[in-house]
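The values are calculated or read from the model by the stated rules, or taken from the named source; none is laboratory data. Since this is a predicted model, take the numbers as computed values, not measurements. Every residue, glycine among them, receives a Cβ derived from its backbone with ideal geometry; neighbour counts consider all protein chains shown. These accessible areas exclude ligands, DNA and RNA; they are computed on the full protein's heavy atoms, side chains included. Shrake-Rupley method; radii C 1.70, N 1.55, O 1.52, S 1.80 Å.
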Amino acid sequence: MAPKFRGRVTMLNSVRVRLTLWYSAVMAVVLVVLAIVTFLILQRNSIRRTDATAAEQAESFLKTVNAEVRDESGPETLQEALDVAIAEHRFRDTLFVVIDEAGKILASSEDQIPRSRNAPTPVETLQDSMRRIAADRRPLQTVRLGRRTYRSYFRNFSIERKDCTLVVLQSLHPHDEFLETLTGAFALVIPLAVLLASSGGYFLARRSLAPVAAMGAQASQITAANLDKRLPVQNRRDELGRLALAFNDLIDRLEKSFIQQRRFVADASHELRTPVAILCGEADVTLSQPERSPEEYRESLTILRSEARRLKLIVEDLFTLARADAGQHPLVLSDFYLDELVADCARSVRTLAAAKRILVSCDAANEMQIRADEPLLRRMLLNLLDNALKYTEPGGEVQVSCGEVERFYRVTISDTGQGISPELQPRIFERFFRADKVRSRSNSDRGGAGLGLSISLWIAEKHGGRLELTSSTPTGTTFAVYLLKPIA
């Protein structure tokens with residue numbers, strides 16, 4: 001691409017230049033249209049005034065002729081009356097001609113017609129023009145005599161039993177001069193106005209878009225390492241202020257996302273490091289001794305299997321949350337009864353509860369039909385039940401109930417374990433969060449990664465419902481799941 005052409009393309013990439021060009025083009029079109037309309041209106045009005053003046057002068061001329069003919073002391077012939085009228089009606093740029101029925105000129109002021117060199121005599125020129133006017137029979141028309149153009153007006157009259165025609169010729173020279181002056185003025189004013197408007201438009205566009213350029217320069221300096229920077233907001237009420245506020249809000253969300261991502265990666269690394277370290281350590285200890293008994297090998301393999309299962313659960317939970325965040329975990333809907341699912345989940349954890357001497361009771365209503373993703377709801381309920389069993393001491397109780405509340409099915413899971421402190425309750429649905437001192441992992445039985453409640457909350461919200469911590473006291477904790485009932 002040639003350097004000059006490339007420079008023009010680069011220049012057109014500027015918003016200021018494009019705005020100025022559009023503004024100048026619109027301004028030029030408006031001015032040209034206005035000039036054309038003005039020119040046509042003034043031209044028409046000028047012709048109308050010329051025609052009206054010719055009609056008035058024709059009326060005055062005929063009155064003079066009639067007065068001279070009827071005056072006993074005046075001329076006695078029509079020719080003398082016409083000559084007197086011609087003499088009395090000598091106006092600048094106006095010509096009077098009287099012709100008879102045969103087209104012969106009876107009287108005229110032909111001496112006012114300018115002649116060009118080698119042109120026919122005025123009488124010959126006037127005679128031919130009058131014949132054309134009489135043959136055309138239009139009251140108003142434009143004719144050319146000599147070097148000038150005239151606007152003709154003819155009127156028939158009868159005097160002393162003789163039919164005649166009066167032709168008044170108004171020179172269009174002043175009219176043409178005025179229009180030429182007007183055209184010249186438009187040709188000078190329009191380019192000057194467009195130039196001034198373009199200069200002013202470019203100045204205003206540059207001044208108005210200067211904050212945008214400044215914001216762009218500042219925004220280009222914001223990276224992942226300095227997300228704490230923000231754009232300055234000069235006026236919160238104008239468009240640029242709202243743009244800066246929207247951009248700052250975007251940076252706020254990005255900063256929070258980066259913080260969550262860093263914390264998620266750190267927590268995931270910490271959670272994965274523990275079972276991996278146990279696997280490696282146990283394997284090293286087993287291999288360090290050349291001979292071990294079968295019982296010792298079995299004990300080591302049991303530890304390896306336990307930690308591998310824990311590692312598998314953590315990876316599965318992470319994969320589920322990653323797919324959920326990416327919107328790649330669609331629901332597989334089916335019709336089933338929620339009360340039956342709740343009862344089935346309660347039965348499936350009773351064996352684990354019995355080993356810890358914990359009572360699991362279930363109070364499920366009948367005929368709670370729902371259309372949802374059954375595997376996901378089962379996983380949510382088992383997460384909540386597993387969470388309740390982990391933090392309930394031996395001899396305690398876990399209660400499960402379900403019913404209807406307005407437009408929702410409600411499933412509540414309560415335990416008799418130690419509650420969550422009030423300052424930690426707002427964070428219980430965060431990923432990898434565990435209340436360290438109260439409901440924390442104190443032994444291998446409570447080896448969760450802190451992802452169960454996060455996954456359960458996502459499942460409830462995915463179904464258009466919600467998961468809430470309804471109460472948590474030193475004597476127990478209750479979670480409630482609300483799911484939309486199907487529309488009848």
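Computed on the range 219-348, with alpha-carbon pairs under 8 angstrom and 6+ residues apart, the relative contact order is 16 percent. If the chain linking D335 and S60 were pulled fully straight, counting 0.36 nm for each residue of separation and taking away their Cα-Cα distance, it would gain 88.6 nm. For a label point 7 angstrom out from the Cα of R350 toward its Cβ, which stretches of the range 396-416 have the backbone nitrogen within less than 15 Å? The answer is 398-401.
Surface analysis of the chain yields an accessible area of 60 Å² per residue, using protein heavy atoms and a 1.4 Å probe.
Give me the percent of the accessible area of the chain that comes from carbon and sulfur atoms, probe 1.4 Å, all protein chains in place. That fraction is 56 percent. Alpha carbon centre of the range 225-285 versus the range 346-421: separation in Å? So the separation of the two Cα centres works out to 34 Å.
Full extension from R378 to N366: what is 0.36 nm times the residue separation minus their Cα-Cα distance, to one decimal in nm?
On the way: separation 12, 0.36 × 12 = 4.32 nm, distance 1.79 nm.
Roughly 2.5 nm would be gained on extension.
Specify the inter-centroid distance of the range 38-108 and the range 178-192, based on alpha-carbon positions, in whole Å. If you average the Cα positions of each part, the centres end up 35 Å apart.
Using alpha-carbon pairs under 8 Å, 6+ residues apart, how would you state the relative contact order of the chain in percent?
RCO, the chain: 9 percent.
Using the Cβ-Cβ distance between E299 and D386 with R0 = 25 Å, the FRET efficiency computed as 1/(1 + (r/R0)^6) comes to roughly 0.45. In this rough spin-label picture, where each label sits 7 Å from Cα along the Cβ direction, the R161-L250 distance is 10.2 nm. Length gained on full extension, R262 to N45, computed as 0.36 nm times the residue gap minus the Cα-Cα distance: 70.1 nm. Cross-link pairs exceeding 24 Å between alpha carbons, from the set K63/K162; K256/K485; K356/K462; K390/K485: K256/K485; K356/K462; K390/K485. Compared with the dominant principal axis of the Cα atoms in the chain, helix 294-325 is inclined by about 20°.
Placing unit charges on the Cβ atoms only, positive for Lys and Arg and negative for Asp and Glu, gives the chain a dipole magnitude near 1320 debye about its Cα centre. Protection proxy ranking of 215-224, 88-97, 456-465, by the mean of other Cβ atoms within 10 Å over each peptide's residues and highest first, is 456-465, 88-97, 215-224.
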